[in-house]
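FYI, it's all coordinate maths here, none of it is from the lab. Quick caveat: nothing in here was measured; it's all calculated off a predicted structure. Don't worry about glycine lacking a Cβ; one is built from the backbone with ideal geometry, like all the others, and counts go over all protein chains shown.
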Amino acid sequence: MRMKKFIAILSVVSMMAVAATGCGSSSDDAAQGGSDASGSDWDAASSITVVSREEGSGTRGAFTELFGVVDENDNDMTTLDAQVTNNTSVMMTTVSENEYAIGYISLGSLDESLVKAVKIDGAEATAENIENGSYKVSRPFNVAMKPDLDNAVATDFMAFIMSTEGQQVVADEGYIPVSDVQAYAGEAPEGSCVVGGSSSVSPLMEKLIEAYGEVNPNGKIELQTSDSTTGMTSAIEGSYDIGMASRELKEDEASQLEGTVIATDGIAVIVNQANPTDDLSVDQVKSIYLGDVTTWDAI
Amino acid sequence: MKSKAWTEKFMQGVFFVAACASVLAVALICIFLFANGIPAMSKIGFVKFITGTQWRPNSEMFGILPMIVGSLYVTAGAIIFGVPIGILTSVFMAMYCPKQIYKPLKAATELLAGIPSVIYGFFGLVVVVPLIREFGTALHSAGIVKNPGNGNSILTASLILGMMILPTIIGTTESAMRAVPSHYYEGSLALGATKERSIFRVIIPAAKSGVIAGIVLGIGRAIGETMAVIMIVGNQARLTSSILDGIRTLTGNIVIEMGYATGLHREALIATGVVLFVFILIINLSVALLKRGADHE
Amino acid sequence: MSNKMTFGDKFRTYLKHPGSFIVMLLVMLASIITFAVLIFLIAYILINGLPHITPSLFSLEYTSENASVVPALVNTIIMTLLSLLIAVPFGIFSAIFLVEYASRGNKFVEVIRLTTETLSGIPSIVYGLFGMLFFVNALGWGFSLLAGAFTMAIMILPLIMRTTEEALKAVPDSFREGSFGLGAGKLRTVFRIVLPSAIPGVLAGVILAIGRIVGETAALMYTSGTVAQIPDSIMGSGRTLALHMYNLSSEGLYMDQAYATAVILLVLVVGINALSSVIARKLTAV
C-alpha cells in the first residue's frame with residue numbers, strides 16, 4: 001500500500017504542476033499576440049531580465065571593460081542575478097522571447113528580425129560608426145601563429161587575409177576591416193593547414209577560407225571551431241597552425257605566439273522588439289549590468 | 001587435445017582481460033580527473049571550494065556551493081516530474097496498451113531517447129520558458145510569490161529534464177515488469193484483486209529492482225545533462241530559494257566556462273568535474289549497498 | 001488478456017473499488033502526457049525543420065553557403081562503426097567472463113560490476129573532459145575521430161556489457177548442460193550454443209549504444225573536434241551530426257539549417273530503430 005500511496009501522491013503533485021503550466025499557456029498566447037501587435041502591454045515597471053555571456057568570454061570581457069562594469073581593480077562586477085549563456089543564439093532567442101530582457105552579441109551575428117539593437121550614447125551599432133569612432137563598443141579578432149612556423153599554406157593564407165581581397169571579405173560580412181592593406185600576391189603553395197579557435201571568429205574565418213580556396217585551389221585549410229583559449233593553446237602546442245581568438249592575447253600566449261588583428265567586431269546591445277527603448281547611455285547600461293537598476297522605468 | 005586445452009585457457013585469459021577493461025577505464029578516468037582537479041582544490045582550499053557561495057573566477061573566488069545546490073534542485077525536480085509519469089506510462093505500456101497501438105508507441109518512446117539534447121534545449125527555450133514566465137507572473141499578481149522570475153528557472157529545467165529521463169525510466173521499468181512471471185498477476189486476479197491492485201501490489205513490488213535501476217539511470221542522466229540545461233536554467237551562480245529563479249548546475253559551470261578558462265580557473269572547472277564524478281560515485285555506491293541489503297533480506 | 005470482461009463488468013468493479021479507478025485514471029493520464037509531449041516535440045522539430053530541407057543541404061562538400069549535412073552524416077557513420085568495433089568485442093567478452101567463467105561471489109566480479117555501473121553513470125561532459133585530457137593531450141592524438149571513438153567506446157561499454165550479460169543469463173542452463181553432455185568444450189559451448197541464442201539481446205544493446213553515439217554532443221566536442229569535412233584518415237578531425245547541429249545553432253546564423261539537420265537526425269534514429277527490430281525479428285525467427 002505504501003508504494004501505491006507514494007506513487008499516487010507524487011502523480012497528483014506532478015499533474016497539478018502540469019495543469020498549472022497548462023493554464024499559464026492560455027494566458028501566454030494572449031500576451032504573445034499583444035507583443036506581436038504593438039507592444040501595447042509593455043509594462044515599464046517590470047524587472048529587467050539581464051542576460052550576459054559567460055565569465056571569461058571574449059565578448060563579455062570587452063563588454064564589461066568598455067561599459068565599466070568593473071570595480072576599481074578591473075574585476076568583472078556583472079550582477080549575480082544576470083542570466084548567463086555561452087551561446088549567441090540562446091542569447092538572441094531569450095531576448096526575442098522575453099519583452100523585458102537585455103543582452104549583448106557580436107554585431108556580425110545580429111539578426112534585426114528577432115531583436116532590436118539599441119543606440120549607445122546616440123550612436124547606432126553599425127560598421128561605419130565603429131570605424132569613425134562614434135560607436136565605441138568593439139573588440140579585435142585576433143589570429144596567432146608561432147613565429148617560426150614552417151607551413152607555406154598557413155603563411156600564404158595569412159598573407160591573403162591581410163590583403164585587399166581578404167579584407168573585402170571581412171567588410172562584406174559586416175565586420176570592420178583593417179586599413180592599409182596590399183593586393184594579394186601569393187604564390188599559391190600546395191599543402192594543408194589547420195585553423196582553429198574562437199567560435200565568434202569562426203563564421204568569418206569560414207568565409208575567408210572559402211575565398212582563399214578560389215585563389216589557391218592547391219591549399220587545403222581545415223577549420224576547427226572551439227574557443228579562444230583552446231585556439232591559443234593549440235597553436236602553441238602545434239595541433240593548430242593558426243589560432244583564432246576573439247579577445248586580446250594574454251601575456252603568456254603573446255610571448256609564444258605572433259598575434260595579428262584581422263578585423264574588428266562591434267558588440268551590439270540588444271533588447272526585445274516590443275521594448276520602446278531605442279537609446280541608452282553607457283552609464284545606463286552600466287547600472288543595469290551592475291544590478292543597480294532593476295526595472296525599466298527606473299532608468 | 002592438448003592444443004584444445006590451451007585454446008580454452010587462452011580464451012579464458014582473453015575474456016578476463018576484456019573484463020578488466022572497464023576497471024581500467026574507471027581507473028584512468030579517476031587518475032586523470034583527480035590529477036588535474038586536486039591541485040586546484042588544494043590551492044583554493046577544499047572547504048572554501050565546496051562551501052563557498054561566490055563564483056567570480058576573475059576575482060579568484062571559486063565557490064561551487066551554488067552549483068552543487070543547483071544540480072540537486074534540478075535533479076530532484078526532474079525526479080518529481082519524470083519518475084511518476086514514467087512509471088505510470090510503463091504500467092500502461094506493459095499492462096493496458098492495446099496490441100495494435102503498442103508498436104508505434106514503443107517506437108515513439110525509443111525516438112524520445114534519440115532526440116539530441118540541443119533540441120530539447122531549444123524546445124525548452126522557445127516553448128516552455130515563456131509558459132513558465134507567464135505562470136510566474138500569474139502567481140506574482142495573485143500574490144503567491146514575491147519574485148515572478150523570467151522563465152529561465154529551476155522549474156523549467158526540471159520539466160525538460162523530467163521529459164528527458166522519461167525514455168530511460170519507461171524502458172527499464174517496462175522490461176522489468178514484463179519479466180515478472182505472469183502467474184503472479186493471474187494469481188492475484190484469481191484471489192479477487194482488481195487489475196490495478198494486482199499491478200501495484202504484486203507486479204511492481206516484484207519488479208522493484210528493475211524499477212529502481214531505471215530511476216537511478218534517470219537520476220544519472222538528469223544530473224549529468226548539460227546542453228539542454230544550460231539553455232534554459234539561467235546559469236546564475238548564486239543560491240536561491242525560489243524554484244522560479246534561475247540557478248547554475250555543475251555540468252553547466254564546466255561547459256559554459258571551459259572554453260575561455262585558463263590557469264587556475266580551468267583547473268577549478270576540472271575540479272568541478274571531479275565533484276560531479278564523486279557525486280555519481282556516491283549515488284552508485286549507495287545503490288549497490290541498497291541492493292546488497294535487499295539481497296540479504 | 002484472457003479474462004474478457006465486458007464494459008459493464010469493468011464499470012461495476014471500479015464502482016466497488018474507487019481507489020483502483022483513480023489509479024487507472026492516473027495511468028491513463030500519465031501516458032497521455034508522455035505521448036502528448038512526444039508528439040508536441042516531434043511536431044516542433046518537423047515544423048521548424050521540414051521547410052528548410054533543400055537539395056543543397058545534401059551537397060557533397062560543406063560550405064558556409066549550403067551548410068551541408070553530408071560530411072557530418074558520413075562522420076557519424078564512421079564514428080559509430082569505429083566505436084562499436086572497439087566496444088562490442090570488449091563488452092561481449094567481459095559479459096561472457098562475468099556469466100560463464102567467473103565463480104559466484106568472486107570479489108573481482110563485484111569490482112567489475114561496480115565499475116561498470118559507475119561508468120554508466122558518468123555524465124558525458126566528464127567523459128569529454130577525460131577524453132581531452134587523456135586521448136587528445138596525453139596520448140597526443142589531437143582532435144580526431146579516433147580519440148572521439150575511444151571516448152564513445154568507453155561510454156557505451158557498460159551498456160553493451162549489461163545487455164549482453166542479461167541476454168546470456170536468460171539462456172537456460174539446460175542448453176549448456178546439453179552441449180557439455182554431447183562432449184563439447186566450454187569455449188565451443190559458449191560460442192556455438194550460448195552466444196547465438198543471446199544475439200537478439202546483444203543486438204538490443206548495440207542499438208541503444210548507436211542511439212547514444214548518434215545523439216552525443218558534449219563528449220565529442222572536446223575529443224573529435226568540429227571540422228565540417230570528412231577527414232582523410234581516422235586521425236583527422238570531423239564533427240558528427242549532433243555536434244554539427246550544435247555548431248550550426250551556436251552562433252545564431254544557421255538556425256533554419258540547424259532544425260533541418262535535427263529532422264535528418266530524427267529520421268536517422270527512426271531508421272536505426274526500425275532496422276534493429278527487423279534484424280531482431282530475422283534472428284529470433286531462425
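Loop sites only, by DSSP: take the trypsin sites (Lys or Arg not before Pro) in chain C that have at most 13 other C-beta atoms within 10 Å and name the longest stretch containing none of them.
Answer from the scan: C:105-286.
Going 7 Å from the Cα of B:A107 in the Cα-to-Cβ direction, what parts of region C:16-59 have a backbone nitrogen less than 20 Å from that spot?
Residues C:32, C:34-47, C:50 qualify, since their backbone N sits under 20 Å from the label point.
Could you tell me which of rounded, prolate or oblate describes the protein assembly as shown, using a ≥ b ≥ c as the square roots of the eigenvalues of the alpha-carbon gyration tensor, with rounded for a/c under 1.5 and, failing that, prolate when a/b is larger than b/c and oblate otherwise?
In terms of gyration-tensor shape, oblate.
Could you work out how far the C-alpha centroid of region A:217-235 sits from that of region C:49-119, in angstrom?
26 Å
Would region B:88-153 count as rounded, prolate or oblate if I go by the C-alpha gyration tensor, calling it rounded below 1.5 in a/c and otherwise prolate when a/b exceeds b/c, oblate otherwise?
Oblate is the answer for region B:88-153, as a/c is 1.5 or above yet b/c matches or exceeds a/b.
What's the exposure ranking of C:I86, B:I256, going from fewest to most Cβ atoms within 10 Å?
In increasing order of surrounding Cβ atoms, one gets C:I86, B:I256.
With loop defined by DSSP as not H, G, I, E or B, and exposure as at most 12 other Cβ atoms within 10 Å, which is the longest segment of chain A clear of exposed GluC sites (Glu not before Pro)?
A:191-299
A:N73 to B:S241: FRET efficiency via 1/(1 + (r/R0)^6), r the Cβ-Cβ distance, R0 25 Å, to the nearest 0.05?
0.20
Rounded if a/c is under 1.5, else prolate if a/b is larger than b/c, else oblate: which is region B:26-169, with a ≥ b ≥ c the root eigenvalues of its Cα gyration tensor?
Taking the square roots of the gyration eigenvalues as a ≥ b ≥ c, region B:26-169 is oblate.
Roughly how many nanometres apart are two label points built 7 Å out from the Cα toward the Cβ at C:R104 and C:S59?
Calculated label separation equals 6.5 nm.
Given R₀ = 60 Å, what would the calculated FRET efficiency be for C:V270 paired with A:A44, taking r from the Cβ atoms and rounding to 0.05?
E(calc), rounded to 0.05, equals 0.80.
Among bridges DSSP assigns within the protein assembly as shown, what percent are antiparallel (round to 5)?
Of those bridges, close to 55 percent are antiparallel.
Taking only the alpha carbons of region B:170-297, what extent do you get along each of the three principal axes, in Å, biggest first?
In descending order, the Cα extents are 68, 34, 25 Å.
Quick query: amide H of B:I247 versus all other amide H atoms, modeled in the peptide plane; which residues come in under 5 Å with a sequence gap of 5 or more or a different chain?
Result for B:I247 returns B:I154, B:N235, B:Q236.
If the elastic network links every pair of Cα atoms under 10 Å, which of C:M152, C:M24, C:M132 fluctuates the most in the Gaussian network model of chain C?
C:M24
Counting pairs of alpha carbon atoms under 8 Å apart in space and at least six apart in sequence, what relative contact order in percent does chain B give?
Value for chain B: 26 percent.
Can you list which of the GluC sites (Glu not before Pro) found in region C:56-103 are DSSP loop residues with at most 13 other C-beta atoms within 10 Å?
Qualifying residues, ordered by number: C:E61, C:E65.
State which entries of B:K9/C:K107; A:K116/A:K286; B:K208/C:K10; A:K146/A:K207; A:K136/A:K220 exceed 25 angstrom in Cα-Cα distance in the structure shown.
Among B:K9/C:K107; A:K116/A:K286; B:K208/C:K10; A:K146/A:K207; A:K136/A:K220, the Cα-Cα distance tops 25 Å for B:K208/C:K10; A:K136/A:K220.
Between region C:124-165 and region A:125-152, what's the alpha-carbon centroid distance in Å?
37 Å
Using a cut-off of 20 Å between alpha-carbon atoms, which aspartates and glutamates can reach B:K4, once sequence neighbours fewer than 8 places away in the same chain are excluded?
Candidates past the 8-residue exclusion: C:E100, C:E177.
How large is ³J(HN,Hα), in whole Hz, for each residue of region A:157-169 in order, when computed from phi with the Karplus curve 6.51 cos²θ - 1.76 cosθ + 1.60 and θ = phi - 60°, using x for Gly and Pro?
These are the phi-based 3J(HN,Hα) values: 5, 4, 4, 5, 4, 8, 10, 4, 4, x, 5, 5, 4 Hz.
Given a Förster distance of 22 Å, report the FRET efficiency between A:T260 and A:D150 from their Cβ-Cβ distance, rounded to the nearest 0.05.
Given R0 = 22 Å and the Cβ-Cβ separation, E is 0.80.
Could you give the C-alpha radius of gyration of chain B expressed as a fraction of 2.2 N^0.38 Å, taking N as the number of residues it contains?
1.22
Whole-Hz Karplus ³J(HN,Hα) for region B:174-180, in order, using 6.51 cos²θ - 1.76 cosθ + 1.60 and θ = phi - 60°, x for Gly and Pro?
4, 5, 5, 5, 5, 6, 6
Quick one: 3J(HN,Hα) in Hz for region B:192-208, Karplus 6.51/-1.76/1.60 with θ = phi - 60°, rounded, Gly and Pro as x.
These are the phi-based 3J(HN,Hα) values: x, 6, 6, 4, 5, 4, 5, 5, 7, 9, 10, 6, 4, x, 5, 9, 3 Hz.
Can you compute the helix-only [θ] at 222 nm over chain C? Use -39500 (n - 2.57) per DSSP H run of at least 4 residues, normalise by all residues, nearest 500 deg cm²/dmol.
Here the helix-only value at 222 nm equals -23000 deg cm²/dmol.
Tell me which aspartates and glutamates have Cα within less than 13 Å of B:K43's Cα, excluding those fewer than 8 residues away on the same chain?
Of all the aspartates and glutamates, those that pass the test against B:K43 - Cα under 13 Å, at least 8 places apart if same chain - are B:E60, B:E267.
Taking the number of other C-beta atoms within 10 Å as the exposure measure, put B:L111, B:L28 in order starting with the fewest.
Exposure proxy ranking, most exposed first: B:L28, B:L111.
Determine, for A:D74, A:D180, A:D227, the number of other Cβ atoms within 10 Å of each Cβ, and report the residues in order from fewest to most.
Ascending number of Cβ neighbours within 10 Å: A:D180, A:D74, A:D227.
Which of B:L24, B:L264, B:L244 ends up with the largest GNM mean-square fluctuation for chain B, with Cα atoms connected below 10 Å?
B:L24
Full-extension gain between B:F46 and B:L191, please, as 0.36 nm times their residue separation minus the C-alpha to C-alpha distance.
46.3 nm
Quick one: go through region A:188-210 and flag any residue whose amide nitrogen is under 20 Å from the point 7 Å out along the Cα-to-Cβ line of B:T262.
Residues A:195-202 qualify, since their backbone N sits under 20 Å from the label point.
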